[in-house]
Each structure stands twice: as C-alpha cells, then as structure tokens.
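Quick notes on the structure that follows.
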Amino acid sequence: SAGWLCIQKSYGKGGGSMNMRTKKNIFTGCKVLAAALLLVFQVYPIFYVIMSSMKTTEDFRHLASYALPGAINFSNYIKVFTTSPMLTYFKNSIIITVGVLIPLLLISFMAGFALSKIRFKGNKKILSYFLLGLMLPFQVALIPLFTIFSKMNMLNTYPAIILPQIAFSLSYSIQLFYSFSKFLPDEIVEAAIIDGCTPMKTFFRIIFPMSTNSILTVATMQGVFTWNDFINAYTFTRSTDMKTVTLGLNDFVGFMGTTDWGATFAAITVTVLPTFLFYFFTNKYMLSGLTAGAVKG
C-alpha cells in the first residue's frame with residue numbers, strides 16, 4: 001500500500017507538471033498568433049501600396065483591389081517625376097524639415113538641459129509654462145497666424161511654414177530633453193566646471209556628444225511629423241513652387257475628381273520612403289533614447 005501511495009503521488013506531480021507545461025505552450029501559441037496577426041495588419045498596407053503602385057489602369061479596372069499586378073512595371077514612378085514637379089516638392093520638404101529641426105533641437109535641448117540641471121528661482125514654474133503648450137492644439141491658431149502672416153506679407157514663404165511648427169513643437173521637445181537631461185550624472189557637469197569649462201563649452205563639448213540617442217529620438221519624431229505635415233503647408237502656401245510632398249499628392253486627382261490611382265500609389269511610396277529609411281537606420285538609437293529618458297525624471 002505504501003508503494004501504491006508513492007506511485008499515486010509521483011503520478012499526481014507528473015500530471016500537474018504536464019498541465020502547467022500544456023498551459024504554457026497554449027499561452028506561447030496565443031502570443032505567437034497575436035504577434036503574427038499584428039505583423040500582417042502592419043505590413044499588409046505597405047505591401048498593398050507598393051503592389052498597387054505597379055498596376056496599370058487596366059489592372060485597376062479588371063483585377064480585384066487585393067490582386068497582384070499583371071506585370072511589374074515602373075511606369076507610374078516615371079509618371080510621378082515627369083508629369084508632376086515632385087523634385088520641387090521634395091526640395092521644399094527637405095528645406096522645411098531641416099529648417100524646423102535645427103533650431104528646434106538647439107533651443108529645446110538647451111532649455112531642457114538648463115531647466116533640469118541649473119537651479120534658479122522659478123525654474124519649475126518656467127517648465128510648467130512650457131508644458132502648457134501641450135494643451136493648445138495647433139489648429140486653433142491657424143486663422144490668427146494666417147491673418148498675421150498675411151499682414152506681414154509672409155504667406156507663401158518658408159518662414160510661414162517653419163516658424164509655427166517650431167513654436168508648437170517646443171513644449172513636447174523640451175519635456176523630452178528635460179527627462180533625458182535628468183538622466184545625465186551631475187558629477188560630469190561639476191567636473192567640467194571645476195576644470196575650467198564655461199557653461200556653453202560644457203554643453204557643446206561634453207553634454208551634446210553624450211546625448212546622441214536623445215537628439216536622434218527627438219529628431220526622428222519631429223522630423224516625421226514635419227515631413228508628413230499637411231494642414232500647415234496647405235494653409236500658408238499658394239503657389240506650386242512652395243508645395244511640399246504631401247500637397248503634391250493632389251496633383252494626380254484630375255477633372256471631376258477622377259484619380260490616377262497607379263501614379264497616386266507611386267507618389268505615396270516615394271513620399272513615405274525617406275521617413276521609412278530614416279526611421280529604419282535610427283530606430284535603435286531612438287528606442288535606447290526613449291528608455292534612457294524613462295529611467296529618471
């Protein structure tokens with residue numbers, strides 16, 4: 001009887017471990033299935049746009065929307081650059097993006113670093129003042145800005161597109177750099193000051209090189225926002241020479257709303273490609289920068 005009890009106990013333990021193993025396998029399978037579904041939902045729109053950009057007009061007429069093109073052709077991409085001033089749109093978007101990022105990164109990084117490391121009266125109130133900008137949506141300022149720029153003869157110029165985007169991106173960027181700067185050890189700044197570095201020299205020669213991840217994080221996020229901006233460029237520009245790539249997509253909508261879908265999908269592909277490549281090469285630094293900013297602050 002004692003032997004039989006031992007067998008029952010060992011069997012019970014084995015059955016419990018088997019149940020735990022089965023539950024673990026089911027849970028792992030559910031996670032894999034959920035990840036696969038998420039991957040399909042994320043990748044399929046990109047695949048659909050690229051495949052549609054290679055379809056001819058006959059393919060759109062006779063094939064199902066989800067069907068592959070009859071043959072791979074790049075005529076739509078040629079049409080994008082020959083029938084539309086897409087290169088001019090790219091030039092404008094690059095100028096605007098660079099014009100927004102350089103002053104935005106410099107001002108917000110210096111402000112975030114000063115508010116986190118320099119102790120002075122009212123620094124918390126100043127930080128709160130900057131954070132109030134997060135509560136103000138950009139759309140509510142479009143009409144006042146349009147009126148101001150119109151009276152100053154600034155419409156249809158680069159500053160009219162660049163300045164509002166810098167102003168309305170400062171609050172978010174300062175908050176990110178404030179969190180990143182809190183992560184930096186105070187001993188580094190103190191050692192630099194003791195060695196005779198001025199505050200500006202400490203910032204540009206020591207702090208700036210150490211903050212590459214945080215700078216790339218903010219640059220990636222704000223650069224994508226600026227590149228994809230539509231309403232700002234649409235409100236403050238008038239001529240074709242000042243259009244950006246997002247506005248240029250409207251060139252393929254013809255008379256009575258008829259749309260050249262092949263060229264439109266090709267234009268979407270070449271428009272999204274720069275931001276996709278930029279994020280692909282900087283996502284490692286961006287993720288590490290976000291992690292560093294979340295540790296402290």
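The values are calculated or read from the model by the stated rules, or taken from the named source; none is laboratory data. Because the structure is predicted, anything quoted here is derived from the model rather than measured. Cβ sites come from the backbone with ideal geometry, for glycine too, and all protein chains shown count toward neighbours. Note: accessible area is taken over every heavy atom of the protein model, side chains too, but ligands, DNA and RNA are not part of it. Shrake-Rupley method; radii C 1.70, N 1.55, O 1.52, S 1.80 Å.
Rolling a 1.4 angstrom probe over the protein heavy atoms, how many square angstrom per residue are accessible across the chain?
With all protein chains present, the chain gives 62 Å² per residue.
Using a 1.4 angstrom probe on the protein heavy atoms only, line up 152, 86 by accessible area, largest first.
Details: 152 110, 86 0 Å².
Ranked list, largest accessible area first: 152, 86.
Roughly speaking, to the nearest percent, how much of region 102-173's 1.4 Å accessible area is carbon and sulfur?
Working: 3160 of 4280 Å².
Answer for region 102-173: carbon and sulfur cover 74 percent of the accessible area.
Using +1 at the C-beta of Lys and Arg and -1 at the C-beta of Asp and Glu, which of 75, 123, 278 has the Cα lying farthest in the positive direction of the dipole of the chain?
Of the candidates, 123 comes out farthest on the positive side.
With +1 assigned to the C-beta of every Lys and Arg and -1 to the C-beta of every Asp and Glu, and no other charges, what is the dipole magnitude of the chain about the Cα centre in debye, to the nearest 20?
Working: 23 positive and 10 negative charges, 238 e Å.
Charge dipole, the chain, about its Cα centre: 1140 debye, nearest 20.
Which entries in 79/243; 121/201; 91/117; 79/151 show an alpha-carbon gap greater than 29 Å? Mind dumping the intermediate values first?
Details: 79/243 18 Å; 121/201 23 Å; 91/117 39 Å; 79/151 39 Å.
Table pairs above 29 Å Cα-Cα are 91/117; 79/151.
For the pair residue 21 and residue 47, what calculated FRET efficiency results from E = 1/(1 + (r/R0)^6), where r is the Cβ-Cβ distance and R0 = 30 Å, to the nearest 0.05?
0.20
What label, among (1) 1.02; (2) 0.98; (3) 1.15, belongs to Rg/Rh (Cα atoms, Kirkwood Rh) computed from the structure on display?
Only one option fits the structure, namely (3).
Lys/Arg Cβ at +1, Asp/Glu Cβ at -1, dipole of region 63-212 taken about the Cα centre: which of 105, 193, 161 is farthest positive-ward?
Going by the charge dipole, the pick is 161.
Assuming a ≥ b ≥ c are the square roots of the Cα gyration tensor eigenvalues, decide whether region 92-154 counts as rounded (a/c under 1.5), prolate (otherwise, with a/b larger than b/c) or oblate.
On the way: a/c = 2.74, a/b = 1.57, b/c = 1.74.
Taking the square roots of the gyration eigenvalues as a ≥ b ≥ c, region 92-154 is oblate.
Obtain the nm distance between the two label points defined at residue 188 and residue 281 by a simple spin-label model: each point lies 7 Å from its Cα along the Cα-to-C-beta direction.
Output for this residue pair reads 2.5 nm.
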